[in-house]
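In what follows, a single structure is set out as structure tokens and then discussed.
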2 protein chains.
Amino acid sequence: MSDSEKGDWQNTTIDSAQAKKNPETALAVKKITSLRQSIDNVDTAIVSLLAERFKYTSQVGVLKARAGFAPADYQREDHQITRLRRIAIEAGLDPEIAEMYREFVVTEAKRRHRRIADAGGDPGVLDVFA
Amino acid sequence: MSDSEKGDWQNTTIDSAQAKKNPETALAVKKITSLRQSIDNVDTAIVSLLAERFKYTSQVGVLKARAGFAPADYQREDHQITRLRRIAIEAGLDPEIAEMYREFVVTEAKRRHRRIADAGGDPGVLDVFA
């Protein structure tokens, strides 16, 4: 079997060679392609919202550093945990995933707050990606 | 100093006792409160979109399992890495954060795809949070 006949099974689930031989597989591939476009659209929206979120948290970081507040805020975090858990359940999302999301953004925001505080309230330390 | 006079400095950056004594701190607290409301609004939107994203990836998981495709798809992942990096830069987000987001959702989606495959294409294994 030549390389071109092997199909792309090893690298992708969208195996064009396999799909040609089996109409049921071809249908599954078509549906997966459409769903992936929707997933890409959701990702575009989420990445754009994350950009806005980090602009807001950067501003919070500057205000905290200038007022002498600590980067971490456990009372705020408790509020966020409870709130996001409730929103996740209402939206039909496993609350464990919402908690993983929260941990990811809060950890990253705190790390950036510390850098702003260490630079004496200068958000410039985060360069263009404040 | 009594407990009530100590302020809530240890637990929160919104230290009401400290803010009362200093108008500049009070202004910072006011601005942080407003920014936090915007952050909460962004989180509501993102968690709702994550709920939709996992509904889509669950459908992909069922289609993959029934067609006998592997849960992982490295060609697709390469496409997503390049695409999200570009969108992040355009949106003013550190592309490192977009990549952390991608790793988080893709890892979780693959873990769920494996569970669907192990259950013979039955999304019911994910209970109500498919």
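For the residues B:81, B:116, the requirement of being part of a helix (DSSP H, G or I) and crowded, with 20+ Cβ neighbours inside 10 Å singles out B:116. Please work out if residue A:62 is within 30 Å of residue B:58 (Cα to Cα), in contact (Cβ under 8 Å) with a residue 24 or more places away in the chain and either aliphatic (A, V, I, L, M) or not in a helix (DSSP H, G or I) (or both). Judged against the criteria, residue A:62 is not a match.
Tell me, which residue of the stretch A:84-108 that is among the acidic types (Asp, Glu) and either out of contact with any helix residue (DSSP H, G or I) (no Cβ under 8 Å at 6 or more places or on another chain) or outside any loop (DSSP other than H, G, I, E, B) (or both) is surrounded by the most Cβ atoms within 10 Å (Cβ to Cβ)? Looking at residues that are among the acidic types (Asp, Glu) and either out of contact with any helix residue (DSSP H, G or I) (no Cβ under 8 Å at 6 or more places or on another chain) or outside any loop (DSSP other than H, G, I, E, B) (or both), I get A:108.
Kindly establish whether residue A:27 is among the hydrophobic types (A, V, I, L, M, F, W, C) and at the interface with chain B (Cβ under 7 Å from one of its Cβ atoms). Answer is no for this residue.
Filtering A:103, A:99 for residues that are more than 9 Å from chain B (Cβ to nearest Cβ), free of Cβ contacts under 8 Å to residues at least 12 places away in the same chain and within 13 Å of the chain's Cα centre (by Cα) leaves a single hit, A:103. Checked against the criterion of being modelled with pLDDT of 90 or more and either facing chain A (nearest Cβ under 8 Å) or more than 20 Å from the chain's Cα centre (by Cα) (or both), the candidates B:85, B:66, B:76 yield just one match: B:76. All of (1) more than 9 Å from chain B (Cβ to nearest Cβ); (2) at pLDDT 85 or above; (3) crowded, with 19+ Cβ neighbours inside 10 Å hold for residue A:111 with one exception: (3). Tell me whether the stretch B:56-66 contains one or more residues that are in contact with a Ser or Thr (Cβ under 9 Å, 6 or more places away or on another chain) and among the hydroxyl-bearing types (Ser, Thr, Tyr). There is at least one residue in the stretch B:56-66 that is in contact with a Ser or Thr (Cβ under 9 Å, 6 or more places away or on another chain) and among the hydroxyl-bearing types (Ser, Thr, Tyr).
Among the residues of the stretch B:26-47, write down those that are of a type outside the set (A, V, I, L, M, F, W, C) and crowded, with 18+ Cβ neighbours inside 10 Å.
B:36, B:43
The conditions of being buried (at least 16 other Cβ atoms within 10 Å of the Cβ), at the interface with chain A (Cβ under 7 Å from one of its Cβ atoms) and not in a helix (DSSP H, G or I) are not met by residue B:54.
The values are calculated or read from the model by the stated rules, or taken from the named source; none is laboratory data. Computed from a prediction, not measured in an experiment: that's the story for all the values here. Every residue, glycine among them, receives a Cβ derived from its backbone with ideal geometry; neighbour counts consider all protein chains shown.
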